[in-house]
Amino acid sequence: MTALRAPPTYAAFAAAEHRDRLDRARRALAEGGFDGAVVVAPEHLYYLAGYDSWVSVNSPQALIFGSGDDEPTLILRNVDLPLALETSWVQDIRTYHLHLQDVPALIAQVVAEKRIGRTGRLAIETQSYALTHALGLALAQALAPIALVDATELLGELRVIKSPAEIAYLRAAACYADIGLQAARRHASPGRSEIAFTAEVEAAMRRAGSDYWSIPIEMASGPRTPGGHATPRDRIMQAGDLVHLEFAGVSHRYHVAAIHTLALGEPGRRAREIYLLAVASLSAGIAATRIGAPVSAVEEASLEPLSRAGLAHTATMRFGYGIGIAYPPIWLETLQISRGFDRRPAAEMAFVLHACLELPDEGIGVIQGGTYLLGRDGLEMLAGGGAVDIEVR
């Protein structure tokens with residue numbers, strides 16, 4: 001346990017904002033029938049504790065707190081203690097030595113000290129990449145008979161409406177994404193490899209001050225474009241190619257994704273036709289995105305232009321998803337703008353909206369969109385290509 005210390009040097013938010021978030025988490029947990037939580041997802045460690053570290057994917061980390069007024073406890077690997085001291089407001093920090101100490105037993109010890117779990121249920125994010133199957137089994141055994149119950153959605157819901165401070169970081173991230181998009185426009189040319197091209201985009205953002213992103217830049221050219229999640233290869237880009245890319249600018253772990261398709265010289269007639277359909281799809285979805293609109297209706301609206309053209313089956317991605325704090329390997333929040341979900345957008349939500357059409361038999365793929373902030377006066381695009389005519393370089 002650490003002694004009372006000065007505010008952390010690299011804190012992104014005031015401790016008061018974190019405590020307000022923690023209070024909201026406690027209320028949500030109590031309403032959900034939980035006695036407390038063992039939080040493991042790095043985005044929640046950051047959101048609640050201010051702790052900025054990517055290492056949850058290879059070293060267990062946890063924030064433990066009850067639904068009452070106890071002080072939270074942060075558990076992490078001893079080698080990462082300096083990262084907590086420079087970013088987190090939490091005073092009670094416990095460390096362990098990897099492979100030499102029993103982390104689940106340490107977590108169980110803290111739970112017992114706090115006397116939480118009386119309801120027999122503790123919250124944890126079972127959908128997080130930070131919770132491997134092996135760690136989950138070991139925690140369940142160490143905490144028995146207390147049950148660990150999934151609260152990924154419950155905790156994720158706390159983050160979907162952004163505070164003014166969070167929106168400021170989103171705007172900073174958007175500036176970095178725009179710098180990356182400008183670099184893409186400058187360096188998109190036949191004769192350059194996909195890897196060399198995207199290196200220019202990444203370098204421009206990093207030189208401008210962007211933090212690291214949680215998903216590698218996604219990019220494909222020519223016949224590779226039907227691969228929606230493709231990453232750059234050593235393919236040499238050719239005249240007439242379509243090129244699509246998706247990447248994020250990052251400020252204080254807040255991500256803003258830019259999504260754009262452009263052409264290296266005049267594209268073929270069919271490629272232009274598919275691009276125009278993608279823009280029509282994006283425009284229709286954007287027009288339907290408003291406060292209180294069912295997310296399923298938003299996606300259905302985006303599909304209407306494609307259905308009229310007999311190409312709805314080529315729309316292989318969901319229309320949108322929430323975005324904000326992120327660590328590898330994803331930047332998606334729990335908010336989904338898609339059929340199959342009963343959600344309604346609200347003011348101060350940030351999300352990615354995109355139209356993705358993939359025609360692998362024709363070697364054509366288009367992804368167009370960006371990151372948007374929903375305000376009381378409507379949508380504002382923070383970064384991305386948006387619904388524009390095809391850009392020919």
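The values are calculated or read from the model by the stated rules, or taken from the named source; none is laboratory data. Model, not experiment: these values are computed from the prediction. Backbone-built Cβ (ideal geometry, glycine too); neighbour counts: all protein chains shown. Note: accessible area is taken over every heavy atom of the protein model, side chains too, but ligands, DNA and RNA are not part of it. Shrake-Rupley method; radii C 1.70, N 1.55, O 1.52, S 1.80 Å.
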Could you list, in sequence order, all residues of region 261-284 that are surrounded by 24 or more Cβ atoms within 10 Å (Cβ to Cβ) and within 20 Å of A177 (Cβ to Cβ)? T261, A278, L282
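Only one residue in S67, S59 is surrounded by fewer than 24 Cβ atoms within 10 Å (Cβ to Cβ) and farther than 19 Å from P329 by Cβ, so which one is that?
Only one candidate passes the filter, namely S67.
Quick one: is I323 of a type in the set (V, I, T) and surrounded by fewer than 19 Cβ atoms within 10 Å (Cβ to Cβ)?
Working: of a type in the set (V, I, T): yes; surrounded by fewer than 19 Cβ atoms within 10 Å (Cβ to Cβ): no.
No: the conditions fail for I323.
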Options A123, A130, A108: the member that is modelled with pLDDT of 95 or more, at negative phi and touching a Ser or Thr at 6+ places or on another chain (Cβ under 7 Å): A130
Can you tell me which condition Y96 does not meet? The list is (1) farther than 22 Å from R21 by Cα; (2) open to solvent by 10 Å² or more (accessible area, probe 1.4 Å), and all the others hold. (2)
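If you check D52, D92, D70, which single one turns out to be touching a residue at least 40 places away in the same chain (Cβ under 8 Å) and under 17 Å from the mean Cα position of the chain (by Cα)? Write out each step before concluding.
On the way: D92 fails: under 17 Å from the mean Cα position of the chain (by Cα); D70 fails: under 17 Å from the mean Cα position of the chain (by Cα).
Exactly one residue qualifies, and that residue is D52.
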Just one listed residue, out of T231, T198, is modelled with pLDDT of 95 or more, under 19 Å from the mean Cα position of the chain (by Cα) and among the hydroxyl-bearing types (S, T, Y), and it is T231
With the condition kept exactly as written, say whether any residue in region 98-107 is over 14 Å from H44 (Cβ atoms) and in contact with a Lys or Arg (Cβ under 8 Å, 6 or more places away or on another chain). yes
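Does S307 count as farther than 25 Å from E380 by Cβ, of a type in the set (G, A, S) and not in a loop (DSSP other than H, G, I, E, B)? Working first, answer last.
Values: farther than 25 Å from E380 by Cβ: yes; of a type in the set (G, A, S): yes; not in a loop (DSSP other than H, G, I, E, B): yes.
Criteria met by S307.
For region 244-260, indicate whether the set of residues that are more than 19 Å from V352 (Cβ to Cβ) and either part of a helix (DSSP H, G or I) or open to solvent by less than 10 Å² (accessible area, probe 1.4 Å) (or both) is non-empty.
Kept after step one, since they are more than 19 Å from V352 (Cβ to Cβ), are these residues of region 244-260: none.
No - not one qualifying residue is present in region 244-260.
Counting just the residues of region 105-161 that are hydrophobic (A, V, I, L, M, F, W, C) and free of Cβ contacts under 8 Å to residues at least 12 places away in the same chain, which one comes out surrounded by the most Cβ atoms within 10 Å (Cβ to Cβ)? Walk me through it before giving the result.
We begin by selecting, within region 105-161, every residue hydrophobic (A, V, I, L, M, F, W, C); these are 105-108, 110-112, 116, 122-124, 130-131, 134-135, 137-140, 142-144, 146-149, 151, 154-155, 158, 160-161.
Those left that are additionally free of Cβ contacts under 8 Å to residues at least 12 places away in the same chain: 112, 134, 137, 140, 144.
Details: A112: 12, A134: 8, L137: 11, A140: 14, A144: 10.
Filtering region 105-161 for residues that are hydrophobic (A, V, I, L, M, F, W, C) and free of Cβ contacts under 8 Å to residues at least 12 places away in the same chain, the one surrounded by the most Cβ atoms within 10 Å (Cβ to Cβ) comes out as A140.
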Being surrounded by 14 or more Cβ atoms within 10 Å (Cβ to Cβ) and out of contact with any Pro (no Cβ under 7 Å at 6 or more places or on another chain) is the filter here, so list the residues in region 82-91 that pass it. L83, A84, Q91
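Being assigned to a loop (DSSP other than H, G, I, E, B), of a type in the set (A, V, I, L, M) and in contact with a helix residue (DSSP H, G or I) (Cβ under 7 Å, 6 or more places away or on another chain) is the filter here, so list the residues in region 13-40 that pass it.
Applying the first criterion (assigned to a loop (DSSP other than H, G, I, E, B)) to region 13-40 yields 13-14, 32-35, 40.
Adding the requirement that they be of a type in the set (A, V, I, L, M) leaves 14, 40.
If the condition is that a residue be assigned to a loop (DSSP other than H, G, I, E, B), of a type in the set (A, V, I, L, M) and in contact with a helix residue (DSSP H, G or I) (Cβ under 7 Å, 6 or more places away or on another chain), then V40 is the only one that fits.
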If a residue has to be surrounded by fewer than 23 Cβ atoms within 10 Å (Cβ to Cβ) and assigned to a loop (DSSP other than H, G, I, E, B) to count, how many in region 194-214 make the cut? 4
Of the numbered conditions (1) open to solvent by less than 40 Å² (accessible area, probe 1.4 Å); (2) of a type in the set (V, I, T); (3) out of contact with any helix residue (DSSP H, G or I) (no Cβ under 9 Å at 6 or more places or on another chain), T316 satisfies every one except a single condition; which is it? (1)
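Could you list, in sequence order, all residues of region 331-340 that are touching a residue at least 24 places away in the same chain (Cβ under 8 Å) and surrounded by 15 or more Cβ atoms within 10 Å (Cβ to Cβ)?
Looking only at region 331-340, we keep the residues that are touching a residue at least 24 places away in the same chain (Cβ under 8 Å), and these are 331, 333-340.
Answer for region 331-340, where residues must be touching a residue at least 24 places away in the same chain (Cβ under 8 Å) and surrounded by 15 or more Cβ atoms within 10 Å (Cβ to Cβ): W331, E333, T334, L335, Q336, I337, S338, R339.
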For residues that are free of Cβ contacts under 8 Å to residues at least 40 places away in the same chain and of a type in the set (D, E), scanning just region 296-330, find the one that is farthest from L170 (Cα to Cα). E304
